[in-house]
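Below is one structure; the comments refer to it alone.
Read the figures in this text as sums done on the coordinates, not as results from a lab. Everything quoted here is computed from the prediction, not taken from an experiment. We place every Cβ from the backbone using ideal geometry, glycine too, and count neighbours over all the protein chains shown.
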Amino acid sequence: MKLFLDTASIDEIREINRWGVLGGVTTNPSLVAKEADDPARVWKEILSEVEGPISLETTELEIEPMYEQGVDLAQMAPNAVVKVPMTPNGLTVGKRLTDEGIKVNVTLVFSPAQAILAAEIGAYIVSPFLGRLDDVAADGMDALRKICGIYEVQGYETNVLAASLRHPMHVVDAALAGADIATMPYSVFTQLVKHPLTDVGLEKFLQDWKSLQKELRKGA
Ligand code: E4P
């Protein structure tokens, strides 16, 4: 399972990219708005920072404007992936872009039925939002498991991207469910690396090492 950052912050992206585990980035209009900067500048910086797929979201709702925006976004860089919403117009535009060889991410997916539609247009990525389902007392992980099961049985090639992840166990369970990609905020990414026993263990190793050095100096 590839690990993506769900952010438009170049500082967060640079920090996680330094770890050598960053497979790609997902952005959405809310995340780009947080940067309070020219969206094109923000997207270009991210596209050149990370080699993997970078999802850039359309904001037009009608077919022609959404299509034109999608083409413009795709032309920004070879690793650009165009996000379209799970709406009838989003599917129409997604299919057209896919047929033209442009990689499409169908976003705002909340059910296995919607995920079947995304696969049928040949989308590159489908994005089920787990956390937002949990927020309304539904079972986001159950939806993800069903989507992964359907894709397996049907032989769909669309990549399942577990989105709207809120904590490390979401990431672990998404991997067990068979998701191809998990996208998460910086806060969840940094929680993945942490374990109290790692900190305690490291401290003890360093103390013992220092004691050894002291002993060796005494004997010299
Ligand atoms: C995915 O592409 C979305 O940007 C994202 O995962 C939404 O997450 P949220 O529910 O935390 O806003």
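Taking the stretch 118-140 on its own, how many of its residues are crowded, with 19+ Cβ neighbours inside 10 Å and not small (Gly, Ala, Ser)?
Within the stretch 118-140, residues that are crowded, with 19+ Cβ neighbours inside 10 Å and not small (Gly, Ala, Ser) number 8.
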(request) Residues being more than 16 Å from the ligand (Cβ to nearest atom) and polar (S, T, N, Q): count how many of those fall in the stretch 45-77. (result) 3
(request) Run residue 15 past the list (1) touching a Gly at 6+ places or on another chain (Cβ under 8 Å); (2) away from the ligand (no atom under 14 Å from the Cβ); (3) touching a residue at least 60 places away in the same chain (Cβ under 8 Å) and report the number of the one that doesn't hold. (result) (1)
(request) Filter the stretch 78-98 down to the residues that are of a type outside the set (Val, Ile, Thr) and in a strand (DSSP E or B), then identify the one that is surrounded by the fewest Cβ atoms within 10 Å (Cβ to Cβ). (result) 85
(message) Among the residues that make up the stretch 52-66, is at least one of them surrounded by fewer than 18 Cβ atoms within 10 Å (Cβ to Cβ), in a loop (DSSP other than H, G, I, E, B) and within 18 Å of the chain's Cα centre (by Cα)?
(response) yes
(request) Tell me, please, whether a residue that is part of a helix (DSSP H, G or I), within 13 Å of the ligand (Cβ to nearest atom) and more than 16 Å from residue 81 (Cβ to Cβ) can be found in the stretch 21-29. (result) no
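Restricting the stretch 105-117 to residues that are within 13 Å of the ligand (Cβ to nearest atom) and closer than 17 Å to residue 157 by Cβ, which is surrounded by the most Cβ atoms within 10 Å (Cβ to Cβ)?
We begin by selecting, within the stretch 105-117, every residue within 13 Å of the ligand (Cβ to nearest atom); these are 105-110.
Okay, now just the ones that are also closer than 17 Å to residue 157 by Cβ, so 105-106, 109.
Working: 105: 27, 106: 29, 109: 25.
So the residue we want is 106.
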(request) Could you list all residues from the stretch 130-157 that are more than 16 Å from the ligand (Cβ to nearest atom) and either of a type in the set (Ser, Thr, Tyr) or over 11 Å from residue 177 (Cβ atoms) (or both)? (result) 150, 151, 153, 154, 155, 156, 157
